[in-house]
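These notes concern the structure reproduced below.
No value in this document is a laboratory result; all are computed from the given coordinates. Note that the structure is predicted; figures quoted are calculated from it, not measured. Glycine gets a Cβ as well: all are built from the backbone with ideal geometry, and neighbour counts include every protein chain shown.
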Amino acid sequence: MKFKHLPVLPNEVIENLAVAHTPDGIFLDGTCGGGGHSHLLAEHLSAKGRLICVDRDIEAINAAKNVLQSFTNVQFVHNNYNNIIQVLETLDIDGLNGVLLDLGVSSYQLDNPDRGFSFLHAGRLDMRMDASSGLSAADVVNTYSEINLRQIISDYGEERFAGRIAANIVTQRNIKPFSETTELADLVEKAIPRRLHEAHKHPATRTFQAIRIEVNNELKDLSISLQNIVSKLFPSGRFCVITFHSLEDRIVKNTFAELADPCKCPKTLPYCVCGKEPIVKLITRKPIIPTDNEISDNTRARSSKLRVIEKL
């Protein structure tokens, strides 16, 4: 199947990255996916501008290359945005004028049964964004202890029935290890009382989110990665981050707030004595959310939030 990427908040991203003000600049899309946002960025750059497209999913990189084949000022890197420092060193780039991270899962990844992200499609239980390395979802479900499973599903999925789900997983895997997405989805659905099933939301949504986060280390070192990216921005460089659930949005919000106001002095003091000065300024004190029109055109944009900062 084709790698599709309908970019979320497209106009808002271009406006807040201020590409029009620095069309000759160097921009980086750290999660280029199928190239939706990257194509918009490339369209707004001059011939002197430069766009670096990074993604940990090689299928995404190949799809983006196809989408952006008409542009000569675009480079592609198969890597994780967590490694931004090394990526830029390899490319001999000192700084960036703008960076975008879209932390969501692409439609292709969700809809392709072979990738194992969705409880709606029968497929192997995988969920790896980089299918060439690391533990799969099946590895997590079949080998983690009941205590670890409960903690992951509770912490990353904010699932109130995490204990029951974890216990049922362990019981079932002792009979037959999990290998298919539908096996796990069916178990979770049965573990949650039917009267508590939410309308328009599959009972396995939170559990699948939790295991996906664990498999891909989505929250581990996220704050450090954000800080590393900020360190590579030129003055007045913009950083846009799109999140899709409260856990990652909270990390982005708190990290940006810390960079904008690092002073730890007691509020009772008349002036700062710690010497910590702001590194960025908040462009969005409240996140930008999609319009009703965008949600009607792209339902997966519904939970998206865009936060933006500017390097001082």
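If you place +1 on the Cβ of every Lys and Arg and -1 on the Cβ of every Asp and Glu, how big does the dipole about the Cα centre of the stretch 1-81 come out, in debye to the nearest 20? So the magnitude is around 220 debye.
Only four residue types carry charge here, +1 at the Cβ of Lys and Arg and -1 at the Cβ of Asp and Glu. Report the dipole size of the stretch 136-175 about the Cα centre in Debye, rounded to the nearest 20.
For the stretch 136-175, the charge dipole is close to 160 debye.
The trypsin sites (Lys or Arg not before Pro) of the stretch 81-177 meeting both criteria, a DSSP state outside H, G, I, E and B (loop) and at most 16 other C-beta atoms within 10 angstrom of the site's C-beta, are 160. Lys-Lys pairs in the stretch 249-312 that are eight or more residues apart or on separate chains and whose Cα atoms lie under 12 Å of each other come to 5. Summing charges over neighbours of residue 44, with a neighbour being any other residue whose Cβ is under 15 Å away from its Cβ, gives -2 when K and R count +1 and D and E count -1. Across the options 275, 301, 289, the greatest Cα extent toward the positive end of the charge dipole of the stretch 272-312 (unit charges at beta carbon of Lys, Arg, Asp, Glu) belongs to 275. Computed per residue of the chain from DSSP H runs no shorter than four, each worth -39500 (n - 2.57), the mean residue ellipticity at 222 nm is -11500 deg cm²/dmol. Could you point to the residue in 26, 154, 46 farthest towards the positive end of the chain's charge dipole, with +1 and -1 charges on the Cβ of Lys/Arg and Asp/Glu respectively? Ranked along the dipole, the leading option is 154.
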